[in-house]
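Worksheet for the structure shown next.
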Amino acid sequence: MGNSRREFIKNGLTFVSLGMAAPAVLARAAADTAPGGEAAKSSQGKVLVVLQMFGGNDGLNTVIPYTDPLYYQNRPVIGIPRTDVLPISSKIGFHPAMSAMQKLYQQGHLAVVQGVGYPNPNLSHFRSTAIWETADPVSTIVQEGWLGRYFDDDGHLRENPLAGINFGAVMPRTLNSDYGSVVSMQNPATYGFQPIYPMEKNVEVDAFTALYSKGTMASSYDDLVRKTGHRAYTSSEIIHKALRKEQLDDSEAPLGSPSSQTLDAPAYPGGIRGGLSPLAKNLKSVAQLIAADMGTTVFYVSQGGFDTHANQPPTQAQLLQDLSESLAAFYADLKQRGLLDRVMLITFSEFGRRVQQNASNGTDHGTASCLFVMGGRVNGGLHGEYPALDDLDFGNLKFTTDFRDVYATALDEWLGVSSQKVLSGSFKPLRLLA
């Protein structure tokens, strides 16, 4: 036991010593621990959920202009037959795998934003993703994400490390912040303190809390490191407690009671290896954590696999079905919990695909695409203008809606902060909220 404690403290002090060579971002964050720098504003209980679709989703086969002959001329093999399209207007329809989203659309709380992009589009995954995540199409050195700047400006992370939660193996640049850090986890069940020797976990937890108590640090940034370490442990315990309570409530609710979630639980879709799909599992966890009311303002989830250069039809169909059914289940879950009016969800992908199919029955990197906005207060329907197929830019769609207009809507009209400072410019919110 003694060896375990000594090894743990040794490892912990090795970590703490890194603070002695802290970069500038640590210095800024450390300075912010001073009294008076921690006041946080309120988003009035509203929650923003961002769903990133990695790879560049083909918007033309997602929201389909099924009455336009140019669509079928450019896509003789991979074009969706008109008889299979799920109409949402006299000219536009969903991919046939999106029947669950068609029902959401018909209920009036799913918005489709058309022709979304930005000036001088970039066809690199890395660069275009960075542009969407930072909301800066010009600078190649900016590291702070648009939601990270929101956190910095609004002060949320300074008092509540649970103000932002990312589900994923890698934290997106979207959430990079100068003055704080969000919780980032791949699996809520394994997020938390991982002991060196599991049989001595209690001893190691005691050592950890002692190490991160005031007065035990040997660093000029001791307050920052102490606070960060303590908050990381505390936040994991809060998350585990919230999820355990959720499971306990489900198991103890009598059959047929209003509080029971077991009889009519939302049908989150399954994955190809059994259990829930990764997207469905993460969205279900998001719903549970929103219900726990931990003060979280932003949740971030992702879905990958949209880089469909070859054999696109079956791959995209599977992805869109997972997306559609996961969003529908998430919507039903929130509604069942009475939380629907508190949540606004936005999807995005780094770019769309070229109009013309390629020789491999796929599509190559393109430009403008569609995105979706969902929530109890969302003004459903079509927003923006569908890009013209007879007016292309070197084979690519011309954007008609700047993605920063969507971000401005989320900031100005949902989170209640000025988008001008966060986005470093003036952008016009869309009429996405009723």
Number of positions in the range 72-84 that are surrounded by fewer than 21 Cβ atoms within 10 Å (Cβ to Cβ), in contact with a strand residue (DSSP E or B) (Cβ under 9 Å, 6 or more places away or on another chain) and either at pLDDT below 95 or part of a loop (DSSP other than H, G, I, E, B) (or both): 1
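Restricting attention to the range 386-396, which residues are assigned to a loop (DSSP other than H, G, I, E, B) and either aromatic (Phe, Trp, Tyr) or farther than 24 Å from Ser324 by Cβ (or both)? Before the answer, list the steps.
Here is the first cut: in the range 386-396, the residues assigned to a loop (DSSP other than H, G, I, E, B) are 386-392, 394-395.
Tyr386, Ala388, Leu389, Asp390, Asp391, Leu392, Phe394, Gly395 - these are the residues of the range 386-396 that are assigned to a loop (DSSP other than H, G, I, E, B) and either aromatic (Phe, Trp, Tyr) or farther than 24 Å from Ser324 by Cβ (or both).
Using the structure shown, decide if Lys91 is farther than 20 Å from Phe394 by Cβ, among the basic types (Lys, Arg) and in contact with a Ser or Thr (Cβ under 7 Å, 6 or more places away or on another chain).
Values: farther than 20 Å from Phe394 by Cβ: yes; among the basic types (Lys, Arg): yes; in contact with a Ser or Thr (Cβ under 7 Å, 6 or more places away or on another chain): yes.
Answer is yes for this residue.
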Hey, Pro314 hits all of (1) outside any helix (DSSP H, G or I); (2) over 23 Å from Met171 (Cα atoms) but one; which does it fall short on? (1)
With the checklist (1) part of a loop (DSSP other than H, G, I, E, B); (2) under 23 Å from Asp58 (Cβ atoms) in hand, flag the one item Val373 doesn't pass. (1)
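Can you report the number of residues in the range 294-318 which are free of Cβ contacts under 8 Å to residues at least 60 places away in the same chain and either crowded, with 17+ Cβ neighbours inside 10 Å or not aliphatic (A, V, I, L, M) (or both)?
So in the range 294-318, the residues free of Cβ contacts under 8 Å to residues at least 60 places away in the same chain come out as 309-311, 314-315.
In the following step, the residues that additionally are either crowded, with 17+ Cβ neighbours inside 10 Å or not aliphatic (A, V, I, L, M) (or both) were identified as 309, 311, 314-315.
Residues flagged as free of Cβ contacts under 8 Å to residues at least 60 places away in the same chain and either crowded, with 17+ Cβ neighbours inside 10 Å or not aliphatic (A, V, I, L, M) (or both) within the range 294-318 amount to 4.
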If we only count strands (runs of 3 or more DSSP E) wholly inside the range 95-185, which ones have 3 or more residues that are over 15 Å from the mean Cα position of the chain (by Cα) and within 24 Å of Pro269 (Cβ to Cβ)? 110-117
Inspect the range 323-346 for any residue being surrounded by fewer than 24 Cβ atoms within 10 Å (Cβ to Cβ), among the charged types (D, E, K, R) and over 24 Å from Tyr105 (Cβ atoms) and give the result as yes or no. no
Do we find that Leu327 is touching a strand residue (DSSP E or B) at 6+ places or on another chain (Cβ under 8 Å), within 30 Å of Gln73 (Cα to Cα) and of a type in the set (A, V, I, L, M, F, W, C) in this structure? no
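Please verify whether Val355 is among the β-branched types (Val, Ile, Thr) and closer than 30 Å to Ala163 by Cβ, treating the condition exactly as stated. Before you say what the answer is, go through the steps one by one.
Values: among the β-branched types (Val, Ile, Thr): yes; closer than 30 Å to Ala163 by Cβ: no.
Here the answer is no, as Val355 does not meet what is asked.
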Evaluate the range 405-416: report whether one residue or more is in contact with an Asp or Glu (Cβ under 8 Å, 6 or more places away or on another chain), over 27 Å from Asp58 (Cβ atoms), modelled with pLDDT under 95 and of a type in the set (Gly, Ala, Ser). no
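Residues Val112, Val182: which one is in contact (Cβ under 8 Å) with a residue 60 or more places away in the chain, buried (at least 21 other Cβ atoms within 10 Å of the Cβ), in contact with a Leu (Cβ under 9 Å, 6 or more places away or on another chain) and farther than 30 Å from Met98 by Cβ? Explain how you work it out, then say what you get.
Numbers: Val112 fails: farther than 30 Å from Met98 by Cβ.
After applying the criteria, what remains is Val182.
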Members of the range 381-416 found to be touching a residue at least 40 places away in the same chain (Cβ under 8 Å), more than 21 Å from Ile131 (Cα to Cα) and either surrounded by fewer than 19 Cβ atoms within 10 Å (Cβ to Cβ) or among the polar types (S, T, N, Q) (or both), listed by number: Gly381, Leu382, Glu385, Leu389, Asp390, Gly395, Gly416
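Answer yes or no as to whether Phe399 is in contact with a Ser or Thr (Cβ under 9 Å, 6 or more places away or on another chain), among the aromatic types (Phe, Trp, Tyr) and in a loop (DSSP other than H, G, I, E, B). Let's see the steps before the verdict.
Values: in contact with a Ser or Thr (Cβ under 9 Å, 6 or more places away or on another chain): yes; among the aromatic types (Phe, Trp, Tyr): yes; in a loop (DSSP other than H, G, I, E, B): yes.
Yes.
For the range 317-357, how many residues are among the small types (Gly, Ala, Ser) and not in a helix (DSSP H, G or I)? First the steps, then the outcome.
Of the residues in the range 317-357, the ones among the small types (Gly, Ala, Ser) are 317, 324, 326, 328-329, 332, 338, 349, 352.
Restricting the remaining residues to those that are not in a helix (DSSP H, G or I) gives 338, 349, 352.
Residues flagged as among the small types (Gly, Ala, Ser) and not in a helix (DSSP H, G or I) within the range 317-357 amount to 3.
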Number of the exception - Val138 against (1) surrounded by 19 or more Cβ atoms within 10 Å (Cβ to Cβ); (2) within 25 Å of Lys398 (Cα to Cα): (1)
Identify, please: which residue in the range 402-428 is assigned to a loop (DSSP other than H, G, I, E, B) and over 19 Å from Asp341 (Cβ atoms) and is, among those, nearest to the chain's Cα centre (by Cα)? Val417
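Where residues in the range 348-361 are within 18 Å of the chain's Cα centre (by Cα) and either surrounded by fewer than 21 Cβ atoms within 10 Å (Cβ to Cβ) or of a type in the set (Phe, Trp, Tyr) (or both), which of them is nearest to Arg404 (Cα to Cα)? Show your work before the answer.
Going residue by residue through the range 348-361, those that are within 18 Å of the chain's Cα centre (by Cα) are 348-351.
Next, only the ones that are either surrounded by fewer than 21 Cβ atoms within 10 Å (Cβ to Cβ) or of a type in the set (Phe, Trp, Tyr) (or both) stay: 348, 351.
Numbers: Phe348: 12, Phe351: 14 Å.
Per the criteria, the residue is Phe348.
Any idea which of Arg244, Arg173 is out of contact with any Leu (no Cβ under 6 Å at 6 or more places or on another chain), closer than 16 Å to Asp293 by Cα and at pLDDT 75 or above? Lay out the reasoning, then the answer.
On the way: Arg173 fails: closer than 16 Å to Asp293 by Cα.
Just one listed residue meets the conditions, Arg244.
The values are calculated or read from the model by the stated rules, or taken from the named source; none is laboratory data. Please read these numbers as outputs of a predicted model, since none were measured by experiment. Cβ: placed from backbone, ideal geometry, glycine included. Neighbour counts: every protein chain shown.
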